[in-house]
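What follows is calculated from the coordinates using simple rules that are stated; it is not laboratory data. Everything quoted here is computed from the prediction, not taken from an experiment. Glycine also receives a Cβ, built like all others from the backbone with ideal geometry; neighbour counts cover every protein chain displayed.
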Amino acid sequence: MSSEKVKAKPAAKSGATVKVRQTASVAGRYKDQKATLIGLRLNKIGRVSVLEDTPAVRGMINKVKHLVVVE
């Protein structure tokens, strides 16, 4: 057995969140846009997701900015 200690992941430094609402359908869109919406925990019009405000999430929102609204 190893005597190494497992370190826990550090908590998010800021408690900032972003609220995203899907306003348009993914019908007829590219597969990567649909996958991005699923990554944002959205897949139906009107769904709202509250996510941690990180550069990765901001990039995902930017990719599907024509399908969502940031509240």
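Rounded to whole Hz and in sequence order, give me ³J(HN,Hα) for region 53-66 from the Karplus expression 6.51 cos²θ - 1.76 cosθ + 1.60, θ = phi - 60°, writing x for Gly and Pro.
Values, residue by residue: 7, 10, x, 5, 5, 4, x, 5, 4, 4, 5, 10, 4, 7 Hz.
How much net charge surrounds ALA27 when only other residues with a Cβ under 13 Å from its Cβ are counted (Lys, Arg +1; Asp, Glu -1)?
After counting each charged neighbour, the total is +4.
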